[in-house]
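Down below is the structure, laid out as structure tokens.
The values are calculated or read from the model by the stated rules, or taken from the named source; none is laboratory data. Computed from a prediction, not measured in an experiment: that's the story for all the values here. Here the Cβ is made from the backbone with ideal geometry for all residues, glycine too, and neighbour counts use every protein chain on show. Please note that ligands, DNA and RNA were not included when accessible areas were found on the heavy atoms of the full protein model with its side chains. Shrake-Rupley method; radii C 1.70, N 1.55, O 1.52, S 1.80 Å.
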Amino acid sequence: MRLPILTLFGLFPYALAGVTVQKPGLTVPARYQSNRAAAEQIFLTSYNAYKKFAFGHDELLPISKTSGDDLGGWGASIVDAMSTMLVMGLDDLFNEAVNFSSRIDFNTIPAGGTISVFETTIRFVGGLLSAYELSGEKHPILVTKAKQVADKMAFAWVGDNDVPFGHIDFSDNAPQIAVTNIAEAGTLSLEWFTLSKFTGNATYADLTAKSVEHIANLGTPLPGLAPQLIDPSSGQFADAYITWGGGSDSYFEYLLKYARLTNTNNNIFIDTWKTAVDSSIKTLLKTSTVGNHVYLADLDDQGLIRHVGSHLACFHAGNWLLGGKLLNNQTIINIALELNDGCWNTYAGTATGIGPEGFAFISSDGNFTGDAITADEIAFYNKHGFYITASDYIQRPEVLESNFYAWRLTGDTKYLDRAAAAIASFNKFLPSPNGVGFACLNDVNNPAAGFIDDTESFWFAEVLKYLYLTFDDPEHISLDDYVFNTECHPLKAPPALNSYTGSGTLIPKKPFTAHTTSGPRPLISPI
Ligand SMILES: *[C@@H]1O[C@H](CO)[C@@H](O)[C@H](O)[C@H]1NC(C)=O
Ligand SMILES: *[C@@H]1O[C@H](CO)[C@@H](O)[C@H](O)[C@H]1NC(C)=O
Ligand SMILES: *[C@@H]1O[C@H](CO)[C@@H](O)[C@H](O)[C@H]1NC(C)=O
Ligand SMILES: *[C@@H]1O[C@H](CO)[C@@H](O)[C@H](O)[C@H]1NC(C)=O
């Protein structure tokens, strides 16, 4: 419960009411409201295509009108779509999905193979528990199912190891793949904490929090900024590459969100997040020589700045906006809004109005990315202030996710214009030419390059939910009441504290020692 009257009079601005994230009194102007229905229509068209050609499988392959099962074969799209159905008020589809989910047997793997603890946690544990909460706790079977799959995944913690293995063979519970990354090891805490809340078994929360604490307590190449790879057996980092992109991304995201979801008095989560942001501003923040766009660079194993960005990393703006509000730090908010503009520019600058998977830029300190820059790239850069290094669009949410935070925090309708432009681009360029739902694109700057035959489960969970909520009543799923997991499943948060400043200092860190691995780099997590 917030007390806006007191803050209006400037009395005890932060003393009595918890810190707020959203702009108070925000409404969506009438001229934008048709966009909410447009987002819902894309969802319905996509989901009906999934039902017709792929129901019960993980994903629809819309071009070939078949299905894919690379997430265990338990019907990932159904579970991932459930919280969006509730947000959109699609009760019939939701009831059908509950019926389906209640009959998933997580002890068998219809599709064979090993299971990613991260991918399974964010979709299945997150999706089931969010649906349980949002539907008024009426379907306890959803908690039972989340517990069933988490009890299998708990075998990823081997012996006294704090850090879980990234993958498990569900047939014999044996951990797989020697090296994991901090995103896989550090993006479980919101979901497993919520599972502890509903089962009364604290083990789930403890296992996942201790993994994050372990990573946060290791010496890092830059203060607060852990590198990508970690070996669960030794508990040591296995490289020195720093990025807010894939493989690391949601570890940083959850440091902040865990502090907000739990209101924990253990300061390591918020202190590490704050230190990571501070280091990033000092070392990774760059401005392009064309257009003055603001980006976060990577720092590679040799300590060299790489002038690269990615769709995945673009969640950073929304995350920094949330953190800037919780910390009451306008510097962080201002930089986040600039980062958000930089990411949006990668949409605005392409032929489809949709942003690419990977991009690069030039700043006053150079253009090093690890690859040579071509004449075509220079020409594109000189027009747009970025150039494309990976041209595909695979229905990722991050740019529209950050845009959603920017709207809810500032109330500036330019963010509604951007979301409306994205909806128009999706309707123009993503419909599968055979009329079966929405597909992915090979080249955002050349629609003639054709489609990728996939409808991602996070298209349902994330992209269409963020778009819908951007145009919905801002009090519905308010950022003051919910924390989104990295798959955009809303989890109910307790009333906010008066401040999230943690211990008030940046955490001192032990010196970083590299334990580089000679093995192949593991696949980088797709979320
Ligand atoms: C659940 O689905 C099964 C299989 O499709 C169906 O036979 C059954 O009637 C459904 N139950 C409910 C309560 O809708
Ligand atoms: C709590 O969950 C863990 C992990 O699955 C399990 O090993 C343990 O037996 C559970 N504890 C109780 C009291 O059920
Ligand atoms: C706000 O964050 C910036 C960037 O980390 C930091 O330099 C500054 O000290 C912070 N301000 C306050 C009041 O903590
Ligand atoms: C990129 O950097 C190299 C090395 O500093 C420089 O020789 C080259 O001219 C730069 N290219 C562009 C397009 O700025």
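Residue-wise test of (1) of a type in the set (Asp, Glu); (2) within 17 Å of Thr114 (Cβ to Cβ); (3) within 16 Å of ligand 4 (Cβ to nearest atom).
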site	(1), (2), (3)
Thr144	no, no, no
Gln148	no, no, no
Phe155	no, yes, no
Pro164	no, yes, no
Asp169	yes, yes, no
Gly186	no, no, no
Leu190	no, no, no
Asp206	yes, no, no
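Go over the candidates Asp231, Asp249 one by one and state the one that is farther than 20 Å from Tyr500 by Cα and surrounded by fewer than 20 Cβ atoms within 10 Å (Cβ to Cβ). The unique qualifying residue is Asp231. For region 398-412, the count of residues that are under 24 Å from the mean Cα position of the chain (by Cα) and over 30 Å from Asp481 (Cα atoms) is zero. Within region 369-393, residues that are away from ligand 2 (no atom under 16 Å from the Cβ) sit with their Cβ atoms under 9 Å from residues that are basic (Lys, Arg), at 6+ positions apart or across chains, in these pairs: Thr369/Arg306; Gly370/Arg306.
Restricting to region 480-506, name every residue that is under 23 Å from Thr275 (Cα atoms), assigned to a loop (DSSP other than H, G, I, E, B) and within 15 Å of the chain's Cα centre (by Cα). Selection gives Asn485, Thr486.
Summed over region 317-332, residues that are farther than 20 Å from Thr505 by Cα and either open to solvent by 10 Å² or more (accessible area, probe 1.4 Å) or among the aromatic types (Phe, Trp, Tyr) (or both) total 0.
Is it the case that region 205-219 has a residue that's outside any helix (DSSP H, G or I) and either within 26 Å of Thr501 (Cα to Cα) or at pLDDT 95 or above (or both)? Yes: one or more hits. Counting the residues of region 441-483 that are open to solvent by less than 10 Å² (accessible area, probe 1.4 Å) and in contact with a Gly (Cβ under 6 Å, 6 or more places away or on another chain) gives 1. Could you list all residues from region 394-434 that are among the aromatic types (Phe, Trp, Tyr) and in contact (Cβ under 8 Å) with a residue 60 or more places away in the chain? Result: Phe404, Tyr405, Trp407, Phe426, Phe429.
Which pairs have Cβ atoms under 9 Å, sit 6 or more apart or on different chains, and link a residue in region 461-486 that is farther than 14 Å from Val28 by Cα and touching a residue at least 60 places away in the same chain (Cβ under 8 Å) to one that is surrounded by fewer than 23 Cβ atoms within 10 Å (Cβ to Cβ) and of a type in the set (Asp, Glu)? Pairs found: Leu464/Glu40.
Restricting attention to region 1-60, the residues that are more than 29 Å from Leu327 (Cα to Cα) and either over 27 Å from the mean Cα position of the chain (by Cα) or modelled with pLDDT of 95 or more (or both) add up to 31. Please tell me if Ile388 is in contact with a strand residue (DSSP E or B) (Cβ under 8 Å, 6 or more places away or on another chain), open to solvent by 20 Å² or more (accessible area, probe 1.4 Å) and of a type in the set (A, V, I, L, M). Spelling it out, Ile388 is indeed in contact with a strand residue (DSSP E or B) (Cβ under 8 Å, 6 or more places away or on another chain), open to solvent by 20 Å² or more (accessible area, probe 1.4 Å) and of a type in the set (A, V, I, L, M).
Do we find a residue being surrounded by 13 or more Cβ atoms within 10 Å (Cβ to Cβ), β-branched (Val, Ile, Thr) and touching a Ser or Thr at 6+ places or on another chain (Cβ under 7 Å) anywhere in region 484-492? Within region 484-492, one or more residues are surrounded by 13 or more Cβ atoms within 10 Å (Cβ to Cβ), β-branched (Val, Ile, Thr) and touching a Ser or Thr at 6+ places or on another chain (Cβ under 7 Å). Of the residues making up region 270-308, those that are of a type in the set (A, V, I, L, M, F, W, C) and either in contact (Cβ under 8 Å) with a residue 60 or more places away in the chain or within 16 Å of ligand 4 (Cβ to nearest atom) (or both) number 7. From the residues in region 198-209 that are under 17 Å from Ala185 (Cβ atoms) and crowded, with 16+ Cβ neighbours inside 10 Å, which one is nearest to ligand 3 (Cβ to nearest atom)? Going through the qualifying residues, I end up with Ala209. Looking across Ala372, Ala360, Ala297, Ala336, one residue alone is small (Gly, Ala, Ser) and surrounded by fewer than 24 Cβ atoms within 10 Å (Cβ to Cβ). It is Ala372. Considering region 69-105, and only residues there that are more than 21 Å from Phe471 (Cβ to Cβ) and of a type in the set (Ser, Thr, Tyr), the residue that is nearest to ligand 4 (Cβ to nearest atom) turns out to be Ser77.
Answer yes or no: is there a residue in region 396-405 that is more than 21 Å from Trp320 (Cβ to Cβ) and open to solvent by less than 40 Å² (accessible area, probe 1.4 Å). Scanning region 396-405 turns up no residue that is more than 21 Å from Trp320 (Cβ to Cβ) and open to solvent by less than 40 Å² (accessible area, probe 1.4 Å).
For region 61-73, the count of residues that are open to solvent by less than 10 Å² (accessible area, probe 1.4 Å) and over 22 Å from the mean Cα position of the chain (by Cα) is at least one.
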